[in-house]
Amino acid sequence: MDIQIGDILTMKKKHPCGESRWEVLRIGADFKLRCLGCGHEVMGARQKFEKNVRKVERKG
């Protein structure tokens, strides 16, 4: 899956704040994502996040 820094990911499940869109801050073996609703940042395994992505939006 082609994901780059700055992309907006729409996930299958919503964050507890009610938002399902996340901004990509870091990529590699792990992803670092920021919730666009509350600003919470999470880091986790690339494989786990990639299987939960519904849509990828590019900035610009």
Problem - Per-peptide average of other Cβ atoms within 10 Å, ordering 10-21, 31-42 highest first - result: 31-42, 10-21
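Within the accessible area of the chain, what % is carbon and sulfur when the probe is 1.4 Å and the other protein chains stay in place?
Numbers: 1870 of 3950 Å².
That fraction is 47 percent.
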Practice task
Please work out the Cα convex hull volume for the chain and give it in Å³ per residue.
Solution key: 76 Å³
Handout entry: Partnerless Cys - the chain, beta-carbon criterion under 4.7 Å
Key = 35
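Leaving out ligands and nucleic acids, note down the accessible area per residue over the chain with a 1.4 angstrom probe, in whole Å².
Details: 3950 Å² over 60 residues.
Per residue, the chain has an accessible area of 66 Å².
Under 8 Å for C-alpha pairs, at least 6 residues apart: give me the relative contact order for the chain, rounded to a whole percent.
Numbers: 112 pairs, mean separation 21.9, N = 60.
Computed value for the chain: 37 percent relative contact order.
The values are calculated or read from the model by the stated rules, or taken from the named source; none is laboratory data. Being a predicted model, the structure only gives us computed values, none of them experimental. As a convention, Cβ positions derive from the backbone with ideal geometry for all residues, glycine included, and neighbour counts pool all protein chains shown. Accessible surface areas use protein heavy atoms only, side chains included; no ligands, DNA or RNA. Shrake-Rupley method; radii C 1.70, N 1.55, O 1.52, S 1.80 Å.
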